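A.B. asks: Quick one: the structure is below, questions incoming.
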Amino acid sequence: AAQEATGGLRRSVRVVLLASGGYTFLSVLLWWNIWSTHPTSTTTCGCGDSSLFTWFLAWPAYAFSHGLNPLYSTALFHPTGTNLMSNTAEVGIGVVLAPVTWLFGAVATLNVALTLSPALSALAMFILLRRWVTWEPAAFFGGLLYGFSPFVVIALTDAHFMLGMAPVPPLIVACLDELLARQRRRPVVTGAVFGLPVAVQFFI
């Protein structure tokens, strides 16, 4: 039984890795005009809110390296400053991608986030759908429809990551499915895990 469980886990990990590779490949193709030119200096569009969200993504890296508060800045609306938590500042994304900003600059961070958004969103939906379907290509296609939907892609065109970075909703549904339907784990454990994607979404 232990060997079967280990074999099943290995297969599951392999399937998830294959799906994530497929979604990432498609996401790179989606933004190929960036990755085939100058990803550290070229964005999808110089229009709309892209410049604002590039600054939002860059601020946490700057704040950390200068001992400043990543949630508040006087660089905007000086001298009173602005509370980034009362804006769509996507602080969580900027914090996670701070190493990219330090190494390659804010435009590269924007492009990495643009590439990860549909791939991670699709992967999260794939993981959710695997709970309900036995034919894995169906789950993969469902993840594809979700992560690369017009809603996600159009939002990302203007760098609206608060909409286009959408891996959290499927994870929340998975937690609710476990908590209310399957109930295979202790409710306290499921509830604690449920709090993680909610916190992540708050900072997105």
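The values are calculated or read from the model by the stated rules, or taken from the named source; none is laboratory data. Please read all numbers here as calculations on a predicted model, not as lab measurements. Accessible surface is based on the protein model in full, side chains and every heavy atom, while ligands, DNA and RNA are left aside. Shrake-Rupley method; radii C 1.70, N 1.55, O 1.52, S 1.80 Å.
A.B. asks: Using a 1.4 Å probe, what is the accessible area per residue for the chain, in Å²?
C.D. replies: Values: 11180 Å² over 204 residues.
Each residue of the chain exposes 55 Å² on average to a 1.4 Å probe.
A.B. asks: Could you give each residue of segment 141-156 its phi-based ³J(HN,Hα) in whole Hz, using Karplus coefficients 6.51, -1.76, 1.60 with θ = phi - 60°, and x for Gly or Pro?
C.D. replies: For segment 141-156, the Karplus-derived couplings read 5, x, x, 4, 4, 6, x, 10, 5, x, 4, 5, 5, 5, 4, 6 Hz, x marking Gly and Pro.
A.B. asks: Would you look at the GNM of the chain, springs on alpha carbons closer than 10 Å, and say which of THR54, THR88, THR74 moves the most?
C.D. replies: Maximum among the listed residues: THR74.
A.B. asks: Next question. With a cut-off of 8 Å between alpha carbons and a minimum separation of six or more residues, what is the relative contact order of segment 28-173 in percent? Don't skip to the answer; put the middle values down first.
C.D. replies: On the way: 197 pairs, mean separation 36.9, N = 146.
It rounds to 25 percent for segment 28-173.
A.B. asks: Around SER73, which amide H atoms from residues at least 5 apart in sequence, or from another chain, sit under 5 Å from its own amide H, with H modelled in the peptide plane?
C.D. replies: THR82, LEU84
A.B. asks: So, one more: Shape call for segment 93-204 from the C-alpha gyration tensor, a ≥ b ≥ c root eigenvalues: rounded (a/c under 1.5), prolate (a/b greater than b/c) or oblate?
C.D. replies: Values: a/c = 2.58, a/b = 1.50, b/c = 1.72.
Oblate is the answer for segment 93-204, as a/c is 1.5 or above yet b/c matches or exceeds a/b.
A.B. asks: Oh, and also: For segment 167-179, just list the computed ³J(HN,Hα) in residue order, Karplus coefficients 6.51, -1.76 and 1.60, θ = phi - 60°, integers in Hz, with x standing in for Gly and Pro.
C.D. replies: x, 6, x, x, 5, 5, 4, 4, 5, 5, 4, 5, 6
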